[in-house]
1. Need the failing condition index for E109 against (1) modelled with pLDDT of 90 or more; (2) within 21 Å of V199 (Cα to Cα); (3) acidic (D, E), just the number.
2. Would you point out which residue out of T226, T222, T185 is in the same structural domain as G44 (by TED's automatic domain parsing), within 16 Å of M84 (Cα to Cα) and surrounded by fewer than 19 Cβ atoms within 10 Å (Cβ to Cβ)?
3. Quick one: K119 ticks every box in (1) under 15 Å from the mean Cα position of the chain (by Cα); (2) over 19 Å from T190 (Cβ atoms); (3) crowded, with 19+ Cβ neighbours inside 10 Å except a single one, so which number is it?
4. Among all residue pairs at least 6 apart or on different chains, which show Cβ distances below 7 Å where the first residue, located in the stretch 200-217, is without any contact (Cβ under 8 Å) to a residue 60 or more places away in the chain and the second is among the small types (G, A, S)?
5. What is the one condition in (1) among the aliphatic types (A, V, I, L, M); (2) buried (at least 19 other Cβ atoms within 10 Å of the Cβ); (3) touching a Pro at 6+ places or on another chain (Cβ under 8 Å); (4) over 12 Å from L36 (Cβ atoms) that V174 does not satisfy?
6. Go over the candidates F223, F201 one by one and state the one that is among the aromatic types (F, W, Y), touching a strand residue (DSSP E or B) at 6+ places or on another chain (Cβ under 7 Å) and assigned to a helix (DSSP H, G or I).
7. Scan the stretch 209-218 and tell me whether some residue there is among the β-branched types (V, I, T), assigned to a strand (DSSP E or B) and surrounded by fewer than 17 Cβ atoms within 10 Å (Cβ to Cβ).
8. Quick one: K161 ticks every box in (1) in a strand (DSSP E or B); (2) under 18 Å from the mean Cα position of the chain (by Cα) bar one, so which box is it?
Amino acid sequence: MHRRQILQIAVSSLAMSTFLLVFDIAIADEPKSSALVQTLPKDGTWTEFNVNVKLNGQEIVPSWKLRSVGQAFHGGKQCRFIEMEQTCDHPQLANVTWRILVPEEEFGEGKDPISKMAKCWAKYGSNEPEVVESIPLKDPAFAMLLAGPKQNLKTEETKEKISWQQGDLECSVVSGHNEIEFGNTKFGMTHRIFRHKDVPFGLAGMQQELTASFGGQKQTATFKMTLKDHGKEAKAKLPDLQP
């Protein structure tokens, strides 16, 4: 083999190795899941968010809380109780608490633990809690928010600053789109989710734009949520609900 041929082979091999390395890095950086809740903090951790909702021209300011409130062994697996609570004094948004039991092994970066729930209850206003077999069937818009984007999923190149009462957080941003249909209603949602490793559940905030089309009519809503505070010694609102 001539010296020039050997040099060409070496250059080609180097180029291919470089391409594969870049390809591997790109694959590693591509988010596997954009679910709102992914990582699991220590039990007893709580997080509270400031929320701003614009719905059909009206501005609504609910409160949203996320907390880890106990453990249980269910279905042969160690599980964690997670409560998600929304409080609001506006009639267009419900006061609701979701209590969900999720196997701890389903949590982790790039996973969608809520979709793997073993048990779920919802309490609306002063009504009695009810068992929920499927969040998408009970509340499709909330299910889309929890699932995050499914199409055009990417991690943005530039980080974004989230300000809260103890300072600023430089957050990575995952963005994309999601669409679902229920009967004659079509929901579409664009997402930007802000993540930070030092915040419980890894969630520092989010922005969503929701459109709902049904019967020739279209409604829009925007959601903006940023970290307000977090801490320990979370208290369950629905502690008596057990599997």
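The values are calculated or read from the model by the stated rules, or taken from the named source; none is laboratory data. Bear in mind that the values here come from a model prediction, so they are computed numbers and not experimental data. Note: ideal-geometry Cβ built from the backbone for every residue, glycine included; neighbour counts use all protein chains shown.
1. (1)
2. Numbers: T222 fails: within 16 Å of M84 (Cα to Cα); T185 fails: within 16 Å of M84 (Cα to Cα).
Of T226, T222, T185, the one residue that is in the same structural domain as G44 (by TED's automatic domain parsing), within 16 Å of M84 (Cα to Cα) and surrounded by fewer than 19 Cβ atoms within 10 Å (Cβ to Cβ) is T226.
3. (1)
4. Short answer, once both residue conditions are applied: T211/G188.
5. (4)
6. F201
7. yes
8. Tallying (1) in a strand (DSSP E or B); (2) under 18 Å from the mean Cα position of the chain (by Cα), K161 fails exactly one: (2).
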